[in-house]
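So the structure is just underneath, and the comments pick up after that.
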Amino acid sequence: MNLSDQHFTDDNIIITKVEDLFNWARLSSLWQVGFGLACCAIEMMATSASHYDFDRFGVIPRPSPRQSDVIIISGTVTLKMAIRIKRLYEQMPDPKYVISMGSCSNCGGPYWEHGYHVLNGVDRVIPVDVFVPGCPPRPEALLEGLLKLQEKIRNESFGDKNV
Amino acid sequence: MTLLFSSVNFHAIFFEIMLTEFGKVFVFILTAALFVIIALVVAKFIRPARPTREKLTTYECGENPEGSPWVKFNIRFYVVALIFLIFDVEVVLLIPWALVYKNFGFIGYLVGAIFLILLGLGMAYEWRKGDLEWVRPKIKEPVITKSPPPKQEKENLTLVN
């Protein structure tokens, strides 16, 4: 009666790889930095509220980057703010993920040409995992972005990112 | 079969050792401590630890940390915090008392009443001292209204001598 001779017919026993277990744990409790920049932040707040319920995916806004796994760049990234965003990202513990939300943080949005004060895309300062298009994106779009990020984490390996 | 038997035996021993109710509490506390310790140790082993200079700087909402956090606070915050704490503890102690004091008759009532009177005295003292007011009234310098006592005449003194 060794362990390897058992046939696990019971549904309560799950066999998995350590990697899959870690990935599952990481993607199921993505705590976000409580951080909003512009009008996209209003949509982000709506997503966190009861109607769209970000919490059902394990996303809880945290007051400090030290406790967070994901930062949602929700709004126009001005040059002045870009320095702060860079620091906030640096201060998050590994592994850390970035969702760029809305046209402004994706590529500069309506300010891309004449906005002397706007960074044309937050990926110029921090590595972005998921871009969510829209101006601003609806909460459903942000949820879709989060699902994409979860999909990405699910397929991660210790070798390739492990941020 | 032997396994089953030994487990039963172990149960018997276990419950013989666990004589007191406090023992159960102790095991409960021990389990709680172990849970935390195991979680911290496991996390220590499996998490990536990549400290950088930027990551280790003080978090001040992305701003540059300015100055020392060891700044001086007004001592009056301490008094306010202390007064708050006293009444906080008062509530904590009074709620269980309020639930059961009827079972103990007049003595039960008296115990709570003495406690409240003592706190009331403290409160009156604080009030009188002006610790409940943040903006202190300006200290009035004492003005002497009485005229100084009249000088004794030298003639009298000489007479006594």
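Does A:Ala38 meet the test of being farther than 23 Å from A:Leu147 by Cβ and of a type in the set (A, V, I, L, M, F, W, C)?
Details: farther than 23 Å from A:Leu147 by Cβ: yes; of a type in the set (A, V, I, L, M, F, W, C): yes.
Considered against the rule, which asks whether it is farther than 23 Å from A:Leu147 by Cβ and of a type in the set (A, V, I, L, M, F, W, C), A:Ala38 comes out as yes.
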Which of the residues belonging to segment B:86-111 are farther than 19 Å from B:Gly122 by Cβ and charged (D, E, K, R)? B:Lys102
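Residues to consider are B:Ala124, B:Ala81, B:Ala98; find the one that is within 20 Å of the chain's Cα centre (by Cα) and loosely packed, with under 12 Cβ neighbours inside 10 Å. Explain how you work it out, then say what you get.
Values: B:Ala124 fails: within 20 Å of the chain's Cα centre (by Cα); B:Ala98 fails: within 20 Å of the chain's Cα centre (by Cα).
Matching residue, one of B:Ala124, B:Ala81, B:Ala98: B:Ala81.
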Answer with yes or no whether A:Thr47 is of a type in the set (Ser, Thr, Tyr), away from every other protein chain (no Cβ under 14 Å) and buried (at least 17 other Cβ atoms within 10 Å of the Cβ). yes
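Can you name the residue in segment B:26-56 that is of a type in the set (Phe, Trp, Tyr) and either farther than 28 Å from A:Phe158 by Cβ or facing chain A (nearest Cβ under 10 Å) (or both) and is also surrounded by the most Cβ atoms within 10 Å (Cβ to Cβ) among such residues?
Among them, the one singled out is B:Phe26.
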Output the residues belonging to segment B:91-101 that are in contact with a Phe, Trp or Tyr (Cβ under 8 Å, 6 or more places away or on another chain) and not aromatic (Phe, Trp, Tyr). B:Leu93, B:Leu94
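Which residues, taken from segment A:54-84, are within 12 Å of another protein chain (Cβ to nearest Cβ), under 13 Å from A:Ala41 (Cβ atoms) and in contact with a strand residue (DSSP E or B) (Cβ under 9 Å, 6 or more places away or on another chain)?
Filtering segment A:54-84 down to residues within 12 Å of another protein chain (Cβ to nearest Cβ) leaves A:62-69, A:71, A:80-84.
Those still in the list that are under 13 Å from A:Ala41 (Cβ atoms) too: A:71, A:81.
Residue satisfying the conditions is A:Ile71 alone.
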Mind listing whichever residues of segment A:85-121 are more than 14 Å from every other protein chain (Cβ to nearest Cβ) and among the β-branched types (Val, Ile, Thr)? A:Val98, A:Ile99, A:Val118
Among the residues of segment B:57-67, count how many are surrounded by 11 or more Cβ atoms within 10 Å (Cβ to Cβ) and either more than 9 Å from chain A (Cβ to nearest Cβ) or outside any loop (DSSP other than H, G, I, E, B) (or both). 1
Number of the exception - A:Asp94 against (1) touching a Pro at 6+ places or on another chain (Cβ under 7 Å); (2) over 28 Å from B:Leu56 (Cα atoms): (2)
Only one of (1) in a helix (DSSP H, G or I); (2) modelled with pLDDT under 90 fails for B:Leu110. Which number is that? (2)
Determine whether segment A:1-9 contains at least one residue that is surrounded by fewer than 22 Cβ atoms within 10 Å (Cβ to Cβ) and among the small types (Gly, Ala, Ser). yes
When you go through A:Leu37, A:Leu27 one by one, which is the residue that is in contact (Cβ under 8 Å) with a residue 60 or more places away in the chain, buried (at least 18 other Cβ atoms within 10 Å of the Cβ), away from chain B (no Cβ under 13 Å) and not polar (S, T, N, Q)? A:Leu27
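The values are calculated or read from the model by the stated rules, or taken from the named source; none is laboratory data. Keep in mind it's a predicted model, so treat the numbers as computed, not measured. Ideal geometry is used to build each Cβ from the backbone, glycine not excepted, and the neighbour counts take in all protein chains shown.
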